[in-house]
Amino acid sequence: MNPRAFDRLLKQAVFLPVLLLLLLAAVLLTEVRATFDATKFEQQSDRNISDLEGALKLIIDQETGLRGYQITEDPSFLDPYNRAKPAITAAFERLKNDFAEQQSQEEELAAARRAYLEWTQYAENEQALVQRQGQYRALSLNAEGKQRMDDIRERFAQLIQHAARLRDERSAAVRDQVRRIVETTIVLTVLLGILIGMLSRRLLHRVSDSYVATLKAAESRSEELYNSQQSYYTTLQSIGDAVIVCDGDGRVTFMNRVAQDLCGVNQVEADGKALAQVFNIVNETTRAVVENPVDKVRRLNRVVGLANHTVLLRPDGTEINIDDSGAPIRDQHGELTGVVLVFRDITQSRKTAQALLASEKLAVAGRLSATIAHEIHNPLDSVANLLYLLGNHPSAEDAQRYISLATQELRRVTETSRTMLSLYREPKAPILLDLKDLLESVLVLLDRKMQDSGVHVTRDMPDEVRVEGFPAELRQVFTNLLTNAIEAAGRDGSISVALRAQDGDAGAIVEVSDNGPGIPDEVRMKIFAPFFTTKGEQGTGLGLWISRGIINKHSGSIEAISRTEAEKHGTTMRVTLPAKAASLLTETAR
Amino acid sequence: MLCVDDEAIGLQVRKILLEREGYRVLTASNGAEGLSLFQQHQIHAVVLDYSMPGMDGGQVAAAMRQSNPKVPILLLSAYVSLPEEVLAHVDRYLTKGDGAVSFLENLRLLLKTC
């Protein structure tokens, strides 16, 4: 259940009961109001009755007073009479108001009042008569008085009786009302109680269900997470390379078996330590500390590789060459939460690569064996023959001639030998050399091979072009390229060597071309790869790979341009060399 | 005797050496020239260099065999080993650098047997 639905549920759980209770309160309020009204009515009736009875009593008092006055002629007997008047009037007024709703009673009251007023008229007359000492005791007048009074009494009795009945009705109404309140309260309370109970139960069930579902989901997710974690842990442990995982601060959180072996620490020691404490890397030659890959990843915020020639120093004092890469670990928002570092021991493969390079150098020499054979054996053979002739007592003139020929041939041998040896001499720093000179010396060495193959060579090297470089290595490159060209051209084929300076004295361009079959496009991609050869068993596949390495080391470039069509076929290898090498690395192939 | 070798000085020295021994020597500096001389004169023995421009020693020997299968041919080479098919056409094979004595001795033996 999502948070919003849950919220709604909770609100319902609280507000509905409150709402229902408010309803109950409203109902009770109405009932209580009704009760008050009913009670008011009852009280009104009571008041009416008391007014009526009171008024009647006062009227009777008035009559008594009058009678007294009639008998004694003493005006003090009229005090009650006078005193009663305003009270009676007031009573009549009140009664008139209260009887406003009851038409029949209103009329009755009015009639009663009229009767009373007429009696008061009679009473006034009597008083006047008494004052005048008139015929106040006249029977007819007393009889009138009594008759009137009886009428008034009768009327009042009716009114009181009616009011009493009304009062009874109203009392009953009040009792009814009270009973109704009690009943309503009980019924409503029970109903509401049940309703609230049912509602709450349903809501709570839903809450509980959703809670259980959430718990289950959390449990299952936690289990998935655990399984996934286990799977990754196993995977990492099984990887043949070393893996180190660091958190966002560069502290080690995980090292697989291989990493522990290579670094010479175990997971327990390394856990929580800064990477630099367990992964101590320096540059192989300068021994300067190399930037920590975690720092590098955090700085560049992308996958990085270590610098070349990095060596890992281990606690036991040994060191190994390593090759590696580091990558950032990000959370859902793309924030860096850690770094994973993968590296491997390349000491063995570096030694192998170096051995390969060395052996390739020797192989190059081997390829020039035709030259060695010829350029050394032939002259020496002549020298041997000449020495034999010298040993046979030649004439002085002949001897001179023989010696001169021998000297010539020996010079040739020395020249060849020197050129061969210079192939192995490596200056420590690059020197300024003339490419024209260098190319010519390579061509000389290959002269025999070209003659044997019947290959014709064209030179297009008008001027000297000077660049900085390692002469022995560049000779190796051009020997390789020219040898390839000669072999591609085949019997009666032709090759050409062209040398030009780049514009603005920026270096040199050398092009070695042959008119052989050419290199098809799909092969051209691979020719610089190590161990790729089209010469079957004869080729080592390393020549162009090493040549490219050497050219890269000189900050130059090498490319192959080739056509394979019947009308136009051949290959040109174009080598570009800068006049000054920008930075000469201490290692070639990578 | 016919000597064929593209090395000018070597050829010259060989000629002197052989003439000192009493042989009459004709020289050629390439296979074609050598073959033409072979046709024109009566040659009793041939000393051939292997690596030459145009036709190599093996090819020259094969051509000579066709015209005169019996003539003794000595193949000289600066190389240490040569393929079988080349050696098939020649009677003897020597590497240069063994010395004049060895060369002359081998030549004498060759001429004696044929």
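Quick note: the coordinates plus some simple rules give every number you see, no bench work behind them. Treat the numbers as computed from the prediction; the structure is a model and nothing was measured. As a convention, Cβ positions derive from the backbone with ideal geometry for all residues, glycine included, and neighbour counts pool all protein chains shown.
Set the Förster distance to 56 Å, then compute FRET efficiency between A:Asp503 and A:Ser222 from the Cβ-Cβ distance, nearest 0.05.
For R0 = 56 Å, the calculated efficiency reads 0.20.
Calculate how many DSSP beta bridges within the protein assembly as shown are antiparallel, expressed in % of all such bridges and rounded to the nearest 5.
If I count the DSSP bridges inside the protein assembly as shown, around 75 percent turn out antiparallel.
In whole Å, what are the extents of region A:62-131 along the principal axes defined by its C-alpha atoms, from largest to smallest?
45, 18, 14
Picking from A:Pro86, A:Ser349, A:Thr64, whose Cα lies most toward the positive end of the charge dipole for chain A (charges on Cβ: Lys, Arg +1; Asp, Glu -1)?
Farthest along the dipole direction, towards plus: A:Thr64.
How much length is gained if the chain between A:Leu29 and A:Phe532 is pulled fully straight, taking 0.36 nm per residue apart and subtracting their Cα-Cα distance, in nm to one decimal?
170.8 nm
What is the Cα coordinate range of region B:2-113 on the first, second and third principal axes, sorted by size from largest, in whole angstrom?
Sorted from largest, the Cα extents of region B:2-113 read 32, 30, 30 Å.
Would you work out which of B:Asn68, B:Thr113, B:Gly54 lies farthest towards the positive end of the dipole of chain B, given +1 charges on the beta-carbon of Lys and Arg and -1 on that of Asp and Glu, about the Cα centre?
My answer, from the dipole projection, is B:Thr113.
Hey, got the dipole for region B:2-113? About the Cα centre, +1 on K and R Cβ, -1 on D and E Cβ, debye to the nearest 20?
I would put it at about 440 debye.
How would you rank B:Cys3, A:Cys263, going from fewest to most other Cβ atoms within 10 Å of each one's own Cβ?
A:Cys263, B:Cys3
Working from Cα positions, state the angle (0 to 90°, nearest 10) between the long axis of helix A:396-422 and the longest principal axis of chain A.
Tilt relative to chain A: about 10 degrees.
Tilt of helix A:103-132 relative to the longest C-alpha principal axis of chain A, in degrees (0 to 90, nearest 10)?
With both axes taken from Cα atoms, the answer is about 40 degrees.
Averaged over its residues, how many other protein chain Cβ atoms are within 10 Å of peptide A:382-392's Cβ atoms?
Across A:382-392, the average partner-chain Cβ count within 10 Å equals 6.
Of B:Gly58, B:Gly99, B:Gly34, which has the largest mean-square fluctuation in a 10 Å C-alpha GNM of chain B?
B:Gly99
Based on Cβ point charges of +1 for Lys and Arg and -1 for Asp and Glu, what charge dipole magnitude is obtained for the protein assembly as shown about its Cα centre, in debye rounded to the nearest 20?
That gives the protein assembly as shown a dipole magnitude of about 540 debye.
Neighbouring Cβ atoms within 10 Å as the yardstick, rank B:Leu82, A:Leu29, A:Leu192 fewest first.
Final ranking by Cβ density, sparse to dense: A:Leu29, A:Leu192, B:Leu82.
Holding the Cα-Cα limit at 24 Å, pick out from A:Lys361/A:Lys568; A:Lys428/A:Lys526; A:Lys526/A:Lys568; A:Lys351/A:Lys553 the pairs that are longer than that.
Flagged as over cut-off: A:Lys361/A:Lys568; A:Lys428/A:Lys526.
Taking 22 Å as R0, compute the FRET efficiency from the Cβ-Cβ separation of A:Glu335 and A:Asp249 and round it to 0.05.
Once the sixth-power term is evaluated, E becomes 0.95.
Just want the ordering: A:Met525, B:Met1, B:Met55, A:Met573, from fewest to most Cβ atoms lying within 10 Å of their own Cβ.
Fewest to most other Cβ atoms nearby, the residues stand as A:Met525, B:Met55, B:Met1, A:Met573.
Per the Debye formula with a single identical scatterer at each Cα and no solvent contribution, what log10 I(q)/I(0) holds for the protein assembly as shown at q = 0.12 Å⁻¹?
Here the Debye-derived log intensity ratios amount to -1.27.
DSSP loop (so not H, G, I, E, B), at most 10 other Cβ within 10 Å: list which trypsin sites (Lys or Arg not before Pro) in region B:50-114 pass both filters.
Answer in residue order: B:Lys70.
Using a simple spin-label model with points 7 Å from Cα along the Cα→Cβ vector, what separation in nm is obtained for A:Asn308 and A:Val212?
Distance between the two pseudo-spin positions: 6.8 nm.
Taking beta carbons within 10 Å but only from partner chains, what does the mean come to for residues A:399-407?
1
For an R0 of 56 angstrom, estimate the FRET efficiency from the Cβ-Cβ distance between A:Lys11 and A:Asp271 and round to the nearest 0.05.
0.70
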